[in-house]
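Just below is one structure, and these are the notes that go with it.
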Amino acid sequence: MNTQLLNQAVNQIKTASQQAQAELNNQAASFVNDLFKSLQVAYPAWRQAFGTEQDLNLTKKSWIRAFAESGITQKEQVAMGMKKARQDQSDFFPSSGKFIAWCKPSPEDLGLPTMANAFREAANNSGHVL
């Protein structure tokens, strides 16, 4: 009897886990679909990048993988990437690598000087005692 209860509990846990994973997958798909709609608005020549609907769907899956591999997991990161995409002067759809780079804040995005300016400032002040 105890074995039967244990098996039922394990099956319920597996089912709940599978349902949670399916819901997460649906949310990720919805998020990526919305992202691609926004990118299509920002890049009027987006159709050049996708010959078929299948190409578009494969690209979406590739971007999801690329986001995961690059640590892009927060909506705020993607929002930063989208902000930079809207400022991009190209008419053509960006690569996943380019978009991922836009998702990562630069020193200037954080209100800091560029690396060159920071180095110059450090060099200019290296003779001063604090």
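Using the Cβ atoms and a cut-off under 14 Å, what net charge is assigned to the surroundings of M115, where Lys and Arg are +1 and Asp and Glu are -1?
Values: positive: R120; negative: E108, D109, E121.
So the environment of M115 carries a net charge of -2.
Return P(r) of region 31-104 (all Cα-Cα pairs; 5 Å bins starting at 0; whole %; ordered from short to long distances).
Pairs per bin, as whole percents: 3, 16, 30, 29, 16, 5, 0.
Which whole-number percentage describes the relative contact order of region 36-116, with Cα contacts under 8 Å and a sequence gap of 6 or more? Can you show the working numbers first?
Details: 59 pairs, mean separation 30.4, N = 81.
Dividing the mean separation by the residue count of region 36-116 yields 37 percent.
None of the figures in this text is laboratory data; all of them are computed from the coordinates on show. This is a predicted model, so every value here is computed, not measured. Here Cβ is always computed from backbone atoms with ideal geometry, including for glycine, and neighbour counts include all displayed protein chains.
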